[in-house]
1. How far apart, in nm, are the 7 Å Cα→Cβ label points at GLU46 and TRP120?
2. Suppose each label sits 7 Å from its Cα in the direction of the beta carbon; what would the ASP103-ASP162 distance come out to in nanometres?
3. How high is the relative contact order of the range 47-90, in percent, with contacts defined as C-alpha pairs under 8 Å that are six or more residues apart?
4. 7 Å from Cα along Cα→Cβ at both SER60 and LEU25: what's the point-to-point distance in nm?
5. So what are the ³J(HN,Hα) numbers for the range 22-28, from phi and the Karplus equation (6.51, -1.76, 1.60; θ = phi - 60°), rounded to whole Hz, Gly and Pro as x?
6. Counting only DSSP beta bridges with both residues in the range 38-124, tell me the antiparallel percent, nearest 5.
7. Could you work out the relative contact order of the chain? I mean the mean sequence separation of Cα pairs under 8 Å and 6+ apart, divided by the number of residues, in percent.
8. Between ALA6 and LYS169, what length comes free when the chain is fully extended (0.36 nm per residue of separation minus the Cα-Cα distance, one decimal in nm)?
Amino acid sequence: LTASGATYAQAQPGTKYDLGGGALLTILAPSEPFFTKEQMKGGGNEPNANSIVARLDYGSFSMLLAGDAEDQTEHRLLTKDLNLEAQVLKVSHHGSKYASSKDFLDRVKPEIAIVSCGAWNRYGHPAQSVLDRLRAVNPNLKLFRTDLHGEITLSTRGKQDDVAVKAAKEATEDL
């Protein structure tokens, strides 16, 4: 890390990173006070609950990168004056049952959702309940999963309705 010239910075909500060309990445979470182990009695764990959540904006394009955020993180975000609505949602915590609450998805209103998870993973990600909630919030949602589609590539010029999604392979199972 040192040899590369890169520097380390702790994620702070409200921090904005200019990525160039008009692309802006804004950190939304984690926020203090950080979640503790005692607050995880309903499930999940504190590293995930304190995960980085970021929003990417580029012209009319928006994407919410929800990291490993869990239900309690999502609810905390909902209590803040944040623009969570996004064209694309990188689904929280690999589609875990501990994330992607109905209230959160209702606020995000994604048109495209991407679940990053390995095929036949031991956790059973993505949870069927999460897939059902995604479909309920938007019956026309375009859903992509790395376990079924392999590598997923997004491209946009930042204009309205200008998002191309390319999957490495065609899904052979029902999404």
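Bear in mind that the values in this text are calculations on the coordinates, not laboratory data. Owing to the predicted nature of the structure, the values given are computational and were not obtained by experimental measurement. All Cβ positions, even for glycine, are placed from backbone atoms using ideal geometry, and neighbour counts span all protein chains on display.
1. With each label point 7 Å from Cα toward Cβ, the separation is 3.6 nm.
2. Each label point lies 7 Å from its Cα, and together they span 3.7 nm.
3. 42
4. 2.5
5. So the Karplus estimates, Gly and Pro as x, are x, 7, 10, 10, 10, 7, 10 Hz.
6. The antiparallel fraction comes to roughly 45 percent.
7. Contact order relative to length: 15 percent.
8. Stretched out fully, the ALA6 to LYS169 stretch lengthens by 55.2 nm.
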